[in-house]
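Novice: Sharing a structure here in structure tokens format.
The values are calculated or read from the model by the stated rules, or taken from the named source; none is laboratory data. Worth saying up front: this structure is predicted, and the values here are computed from it rather than measured. Neighbour counts are summed over all protein chains in view; Cβ atoms, including those assigned to glycine, are modelled from backbone coordinates with ideal geometry. Note: areas computed on protein heavy atoms with side chains; ligands, DNA, RNA excluded. Shrake-Rupley method; radii C 1.70, N 1.55, O 1.52, S 1.80 Å.
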Amino acid sequence: MSVHAGRAVAVDLDTEDIRLFAARALSRDPAYRLAERPVVPPMFLPAGGRVTGGRTETDHRFFGPPPRAGDRLTAVRAIDRHDPDGSESLVQYFDRTGGLVAESWASVTESVVSEDSTPHSAELLATYATDWLGAENIRRFRTRVLRALPPGGTVTCSGHITQHYIQDGEPRVDVTLTGVDASGEIVVRAWASFAHDPAAA
């Protein structure tokens, strides 16, 4: 999907595209694999090109439960900056009524576009988080990639809950997440927010 600054683009969320994205990120969550209308993974709605290398930061926000397959969204690029120091982009996603349902932001320095089939380390960390706390419960997922994961590389993920609170009338938790490579070096960090009812846990 290519979205130019200020131009609205229709986005039809496809079941097979969502399942393939989730499978590529090694997710086991049935909300992706088995649901008739799977929800989108945290990093499915793009802010810009897929990149590896350099330093990449992203922020994916859902203003309620994530959109599902079969939904038609309108994507509008609100920020589109490219200069020698890097790039920054923000794409906002609106539903059929014009309501803002999601937005994806990215800031990239010294990056290269990647076409290989190796999952991005941030995608693997997102999988760890949604398999833990539920794909349908994600509300925000922010990442900072410190270095690229080489083809065939592995990431060991960990995370912990940092706070419980109420926002927009629903109980939520914030979590801090870390991914390390085979040598033990940190390759990616993330901070996420989930709807989470302790009574239902």
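Novice: Karplus couplings for the range 147-162 from phi (6.51 cos²θ - 1.76 cosθ + 1.60, θ = phi - 60°), rounded to Hz, Gly and Pro as x?
Specialist: Working through the residues one at a time gives 7, 6, 8, x, x, x, x, 10, 10, 9, 9, 8, x, 8, 6, 9 Hz.
Novice: How many nm is it between the label spots at A23 and A10, if each spot is 7 Å from the Cα in line with the beta carbon?
Specialist: Placing both labels 7 Å beyond Cα along the Cβ direction yields 2.8 nm.
Novice: Here is a follow-up. So how far apart, in nm, are the two label points at R33 and W132 if each is 7 Å from Cα heading toward Cβ?
Specialist: Distance between the two pseudo-spin positions: 2.0 nm.
Novice: While we're looking at this one, here's another question. What spacing in nm lies between the two simple spin-label points modelled at I186 and E57, each 7 Å away from Cα in the Cβ direction?
Specialist: With each label placed 7 Å out from Cα toward Cβ, I get 1.4 nm.
Novice: If you don't mind, another one. Name the most mobile residue of I138, I18, I161, meaning the one with the largest mean-square fluctuation, in a Gaussian network model of the chain with Cα contacts below 10 Å.
Specialist: So, out of I138, I18, I161, the one fluctuating most is I161.
Novice: Once you order the gyration tensor axes a ≥ b ≥ c over the Cα atoms, which shape class does the chain get: rounded for a/c under 1.5, otherwise prolate or oblate by comparing a/b with b/c?
Specialist: The shape class here is rounded.
Novice: Still on this structure: Given a 1.4 Å probe and every protein chain left where it sits, what share in percent of the accessible area of the chain is carbon and sulfur? Don't skip to the end; give the middle numbers.
Specialist: Values: 5050 of 10140 Å².
With neighbouring chains kept in place, the figure for the chain is 50 percent.
Novice: With every protein chain present, what is the per residue accessible area of the chain (1.4 Å probe, Å²)?
Specialist: For the chain, the per-residue accessible area is 50 Å².
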